[in-house]
DNA sequence: ATATTGACGGGCA
DNA sequence: GTGCCCGCCAATA
């Protein structure tokens, strides 16, 4: 690893985030904090959010990642939270209202 | 180098 | 359950 890559910080961490998000099963959701914790950064929730925002790759199901209250992203990359909600509903995720998913039922329990 | 911002989380009212 | 404050971390308006 070059010195530049280290300076960039966690270029490696970014890959971990994508890999972890890809593991979220269809019909389940995870939280930024949960993902961060699994990657060994208990306080890296904001970091995860930044990564997903800056990288809206189609192969990363970022719509399955919500915040701790189950609230959807304030500004989803494509069509606002309407698009995010549509995708989740399409996968069978239940909502307690328009912007909050039912975490009790759909929060992914990683192992 | 400092200040501000943001797709966050925990604790408390 | 919701809202506010504060701490945390990286990017940058």
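The values are calculated or read from the model by the stated rules, or taken from the named source; none is laboratory data. Predicted model only: the values in this text are computed from it and were never measured. Positions of Cβ are backbone-derived with ideal geometry, glycine not excepted, and every protein chain shown enters the neighbour counts.
Could you count how many residues in segment A:72-93 are over 15 Å from residue A:25 (Cα atoms), assigned to a loop (DSSP other than H, G, I, E, B) and at pLDDT 90 or above?
Looking only at segment A:72-93, we keep the residues that are over 15 Å from residue A:25 (Cα atoms), and these are A:72-86.
If we keep only those that are assigned to a loop (DSSP other than H, G, I, E, B) as well, we get A:72-78.
Next cut, at pLDDT 90 or above only: A:72-73.
Final tally of qualifying residues: 2.
Within segment A:33-53, which residues are near DNA strand B (Cβ under 8 Å from one of its atoms) and either touching a residue at least 40 places away in the same chain (Cβ under 8 Å) or out of contact with any helix residue (DSSP H, G or I) (no Cβ under 9 Å at 6 or more places or on another chain) (or both)?
A:34, A:50
Among the residues of segment A:16-27, write down those that are crowded, with 20+ Cβ neighbours inside 10 Å and closer than 22 Å to residue A:100 by Cα. Spell out the reasoning first.
Filtering segment A:16-27 down to residues crowded, with 20+ Cβ neighbours inside 10 Å leaves A:17, A:21, A:24.
Selection gives A:21, A:24.
Got a number for residues in segment A:72-111 being touching a residue at least 40 places away in the same chain (Cβ under 8 Å) and away from DNA strand C (no atom under 12 Å from the Cβ)? Full working, then the answer.
Step one: of segment A:72-111, the residues touching a residue at least 40 places away in the same chain (Cβ under 8 Å) are A:88, A:91-93, A:101, A:103, A:106-108, A:110.
Restricting the remaining residues to those that are away from DNA strand C (no atom under 12 Å from the Cβ) gives A:88, A:91-93, A:106-108, A:110.
Looking only at that region, the number is 8.
Can you name every residue in segment A:40-71 that is assigned to a loop (DSSP other than H, G, I, E, B), touching a strand residue (DSSP E or B) at 6+ places or on another chain (Cβ under 7 Å) and either surrounded by fewer than 19 Cβ atoms within 10 Å (Cβ to Cβ) or at pLDDT below 95 (or both)? Talk me through it step by step, then tell me what you get.
Keep residues of segment A:40-71 that are assigned to a loop (DSSP other than H, G, I, E, B), which gives A:40-44, A:55-61, A:67-70.
Going one step further and asking which of them are touching a strand residue (DSSP E or B) at 6+ places or on another chain (Cβ under 7 Å), we end up with A:67-70.
If the condition is that a residue be assigned to a loop (DSSP other than H, G, I, E, B), touching a strand residue (DSSP E or B) at 6+ places or on another chain (Cβ under 7 Å) and either surrounded by fewer than 19 Cβ atoms within 10 Å (Cβ to Cβ) or at pLDDT below 95 (or both), then A:67, A:68, A:69 are the ones that fit.
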